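Below: one structure, written as structure tokens.
The values are calculated or read from the model by the stated rules, or taken from the named source; none is laboratory data. Remember, predicted model here, so these are calculated numbers, not experimental data. Every residue, glycine among them, receives a Cβ derived from its backbone with ideal geometry; neighbour counts consider all protein chains shown.
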Amino acid sequence: MRIGFGYDVHRLKEGRPLILGGVTVPCDVGLDGHSDADVLTHAIIDALLGAAALGDIGQHFPDTDEEWRGADSIELLRVVVSRVEEAGFQVGNVDSVVVLQRPKLRLYIDAMRIQLAVTMGVEIEQVSVKATTSETMGFVGREEGCAAHAVALLVNVSS
Ligand code: MG
């Protein structure tokens, strides 16, 4: 078994959608970035790549590449899972935390878990998404940005 860790941050901006784990959360601000800026999915991608020692999201999908402008991060996750599987691994489980001051994400968590599980080809029980605020401290607390942390366990099925 192999464990991997991923972390990502995106800036909050008016006029952008707030997409987390492939789910659009109603909000007056959203996440800014080259892709759809789905910070949760990006952290999970880096956890999966880290567990397989396959580099990071920036190496696989450079933000200097026009091909990835406005990219649907769920599609990037699909590509990463196939690369991880080609390297001989299966996804064991994923756990994650979104750090966001507002809005409350509780109502959207299960939709994120379903979207992520379907994309990775695993059961919903293998995917955990949690949410917390930063108690109004720091860049999250000032509502300047959103952070996400993720860990992933991969099972070596090649031998
Ligand atoms: Mg990112």
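How many residues are over 13 Å from the mean Cα position of the chain (by Cα) and under 19 Å from LEU116 (Cβ atoms) when one looks only at the range 20-29?
Residues that pass the stated criteria total 2.
Any residue in the range 48-77 that is farther than 20 Å from VAL9 by Cβ sitting within a Cβ distance under 9 Å of a residue that is among the aromatic types (Phe, Trp, Tyr) and away from the ligand (no atom under 14 Å from the Cβ)? List the pairs, counting only those 6 or more apart or interchain.
What qualifies is ALA51/PHE5; ALA51/PHE89; ALA52/PHE89.
From the list VAL39, VAL29, VAL80, VAL9, exactly one residue is of a type in the set (A, V, I, L, M), touching a His at 6+ places or on another chain (Cβ under 8 Å) and closer than 24 Å to THR136 by Cα. Which is it?
Working: VAL29 fails: touching a His at 6+ places or on another chain (Cβ under 8 Å); VAL80 fails: closer than 24 Å to THR136 by Cα; VAL9 fails: touching a His at 6+ places or on another chain (Cβ under 8 Å).
Checking each option against the conditions leaves just VAL39.
Take the residues in the range 1-15 that are under 27 Å from GLN90 (Cα atoms) and not small (Gly, Ala, Ser); name whichever of them is nearest to the ligand (Cβ to nearest atom). Before you say what the answer is, go through the steps one by one.
Restricting attention to the range 1-15, the residues satisfying the condition of being under 27 Å from GLN90 (Cα atoms) are 1-9.
Checking the rest, the ones that are also not small (Gly, Ala, Ser) come to 1-3, 5, 7-9.
Values: MET1: 26, ARG2: 22, ILE3: 21, PHE5: 15, TYR7: 10, ASP8: 4, VAL9: 7 Å.
In this case the residue turns out to be ASP8.
Take the conditions within 11 Å of the ligand (Cβ to nearest atom) and either surrounded by fewer than 20 Cβ atoms within 10 Å (Cβ to Cβ) or more than 23 Å from MET137 (Cβ to Cβ) (or both) and apply them to ALA111. Does it pass?
For ALA111, the condition - within 11 Å of the ligand (Cβ to nearest atom) and either surrounded by fewer than 20 Cβ atoms within 10 Å (Cβ to Cβ) or more than 23 Å from MET137 (Cβ to Cβ) (or both) - is not met.
Determine whether the range 108-127 contains at least one residue that is over 20 Å from GLU85 (Cβ atoms) and part of a strand (DSSP E or B).
We begin by selecting, within the range 108-127, every residue over 20 Å from GLU85 (Cβ atoms); these are 108-114.
Remaining after also requiring part of a strand (DSSP E or B): none.
No, every residue in the range 108-127 fails to be over 20 Å from GLU85 (Cβ atoms) and part of a strand (DSSP E or B).
Tell me, yes or no, whether the range 45-61 has at least one residue that is within 13 Å of the ligand (Cβ to nearest atom), modelled with pLDDT of 95 or more, in a strand (DSSP E or B) and at negative phi.
no
Does VAL39 satisfy the criteria of being in contact (Cβ under 8 Å) with a residue 24 or more places away in the chain, more than 10 Å from the ligand (Cβ to nearest atom), closer than 25 Å to LEU107 by Cα and surrounded by 14 or more Cβ atoms within 10 Å (Cβ to Cβ)? First the steps, then the outcome.
Values: in contact (Cβ under 8 Å) with a residue 24 or more places away in the chain: yes; more than 10 Å from the ligand (Cβ to nearest atom): no; closer than 25 Å to LEU107 by Cα: yes; surrounded by 14 or more Cβ atoms within 10 Å (Cβ to Cβ): yes.
No.
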